[in-house]
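Written below as structure tokens is the structure these notes are about.
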Amino acid sequence: MDGGAHDGRDPDEPAAFLRIPAPRTAPDDMTEAERPPAPESSRTPEPHEAPEPRQAPGARETPPVARPLPPAEPLSPSELLPPAEPLSHKVLMSLLGAWALSACSGEETMLVEAHLTECAPCADEALRLRDAVGLLHADGNLDLDPLLRSRVLESALGRRPARVPVPGWAAPYDAETARLDALLRDIGDAEWHAPVRLKWYEDEGAASRRTTVAGVIGHLMTVDGLVATSLGLDDPLGSDASAASAHPTERTESFWRAAKPPPTRTVHEPWREQSHTLIRTVSFAGRGVAELSVSYGFFALPLRDALLDRAFECWVHGADIAEAVDYPYKPPTGGHLHEMIDLATRLLPAALAIRRRSGLATPSRELVTAGSAGRSLHLEIEGAGGGDWFIALDSPAAVGSRERTVAHVALDGVEFCQLVAGRVSPEDAAAGQDGDRVAIRDVLFAAATMSRL
């Protein structure tokens with residue numbers, strides 16, 4: 001590049017083609033649009049601005065200093081994002097279920113609730129879903145209704161009757177063994193060793209014995225063996241001489257002593273098979289078998305009452321097991337509970353006579369001949385399986401009479417059964433009492449001493 005003066009043309013351009021600028025218009029003759037802008041230094045500052053400092057001639061030009069801009073206000077997320085498109089009716093309707101369960105986000109909840117104010121069908125559906133959510137209880141009992149099995153069997157047999165039906169008097173035993181079997185199938189291996197305390201009432205006080213869930217099932221199996229041997233079936237204790245005893249407590253103690261190591265869940269299948277065999281046998285045996293005598297050592301019962309007694313014991317010990325493993329367990333159906341209560345009231349006069357012979361109850365005030373009406377206690381059972389019974393007070397052979405009632409006791413059906421099973425003390429059992437207090441005390445204590453291991 002040449003260091004001389006530069007006249008604004010290309011040095012290689014020929015002189016003939018030199019461009020001559022057009023003559024300038026005088027400033028006075030220029031229009032406002034043609035007039036060039038005034039230099040920055042000659043601009044008159046505004047009143048609020050400070051004057052620019054003048055640069056000395058020949059001084060080096062100072063570059064302008066950048067002035068900081070004022071801080072900008074932060075933008076909200078809604079300003080940063082593009083505006084959301086409104087959701088369609090179909091999408092909003094699909095969110096109703098999540099909205100009813102309170103599972104929508106905040107924005108979705110607002111959109112759904114805004115839509116509900118405009119759409120009547122969706123509003124009705126939302127109300128139905130909210131009502132349905134109210135029926136959901138996380139702490140509710142998820143177990144099947146204990147009556148479900150009976151209803152299913154009744155419906156099935158109504159459509160196609162069994163060729164060999166189970167006798168009506170054996171139905172309570174069939175139902176209670178099935179319920180206990182369902183409980184046992186639902187517990188784990190470790191729970192078979194859960195401690196269970198069996199309770200009963202002796203003389204004037206409570207007694208108890210500690211065992212395990214497996215030990216309880218062994219106890220039920222050995223006592224059910226009394227019914228099995230009366231029908232000619234195998235005794236679960238075998239043919240050992242010590243197993244020949246007919247006393248339930250002695251049989252149980254014999255089984256527990258012989259179980260080395262202690263019983264485990266392996267006892268479940270023998271007990272289950274024995275109960276099924278009993279039901280099959282009495283079903284095929286016909287009507288006459290109901291009166292077959294079953295000996296309990298110190299007393300005997302006809303087979304129909306013996307199976308009802310075993311159904312009662314199965315329920316009571318099933319409840320003991322359920323409490324030990326924290327499992328819900330309901331009482332029997334009303335009809336079966338009524339039969340169990342009726343059996344207990346029929347055995348009460350004999351139990352009262354045994355206490356009198358032992359000097360634990362007041363002597364009879366009257367001499368009553370067999371079949372005649374003597375004094376009686378009116379036992380009113382309330383709730384499921386309830387009814388009215390009149391307990392003879394003077395003799396086991398006497399007939400309870402409504403006309404000669406000297407006392408009245410009112411009890412809940414399940415509480416009365418717990419009294420007979422030794423789970424409730426006589427002092428705490430009666431809900432209502434009226435009349436002869438001595439007779440009431442004797443009957444309540446006699447009911448409690450009907451319990452046994």
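Is the shape of the range 87-131 rounded, prolate or oblate, going by the alpha carbon gyration tensor and its root eigenvalues a ≥ b ≥ c, with a/c under 1.5 for rounded and a/b larger than b/c for prolate? Oblate, because a/c is 1.5 or more while a/b does not exceed b/c.
Label positions at ALA350 and ALA373, each projected 7 Å from the Cα along the C-beta direction, are separated by 2.5 nm. Sorted on the mean count of surrounding Cβ atoms within 10 Å across their residues, most packed first, peptides 441-449, 264-272, 279-287 read 441-449, 264-272, 279-287. Can you give me the Kirkwood hydrodynamic radius for the range 334-448, using every pair of distinct Cα atoms, in Å to one decimal? Here the Kirkwood hydrodynamic radius works out to 13.9 Å. Computed on the range 279-323, the Cα convex hull volume stands at 80 Å³ per residue.
For GLU202, the residues whose amide H sits under 5 Å from its own are ALA207, ignoring neighbours fewer than 5 places away on the same chain, with H placed 1.01 Å from N. Here the contact order of the range 87-131, divided by its residue count and restricted to Cα pairs under 8 Å and six or more residues apart, works out to 46 percent.
Put a plus charge on the Cβ of each Lys and Arg, a minus charge on the Cβ of each Asp and Glu, and nothing anywhere else: the dipole of the range 334-448 about its Cα centre is then about 540 debye.
The value of relative contact order for the range 167-324, using C-alpha pairs under 8 Å at least six residues apart, is 34 percent. A simple packing score, the average count of other Cβ atoms within 10 Å per residue, orders the peptides 429-439, 247-257, 216-226 as 216-226, 247-257, 429-439, with the highest score first.
Peptides 387-398, 415-426, 89-100 ordered by packing proxy, namely the average of other Cβ atoms within 10 Å per residue, highest first: 415-426, 387-398, 89-100. Remark on GLY400: its backbone amide H falls under 5 Å from those of ALA392, a criterion applied only to residues 5 or more positions apart or on other chains, H modelled at 1.01 Å from N. Computed extension length for HIS408-THR266: 46.3 nm, one decimal, from 0.36 nm per residue of separation with the Cα-Cα distance subtracted.
Cα centroids of the range 232-288 and the range 354-385: 35 Å apart.
Using the Cβ-Cβ distance between GLU250 and LEU136 with R0 set to 45 Å, the FRET efficiency from 1/(1 + (r/R0)^6) comes to roughly 0.30. How about LYS199: which lysines have a C-alpha closer than 21 Å to its C-alpha, ignoring those fewer than 8 places off in the same chain? Cross-link targets: LYS330.
Any read-out appearing in this document is the output of simple, stated calculations on the displayed coordinates, not a laboratory observation. Just so it is clear, the model here is predicted, and its values are computed rather than measured. Neighbour counts run over all protein chains shown; Cβ positions are idealised from the backbone, glycine included.
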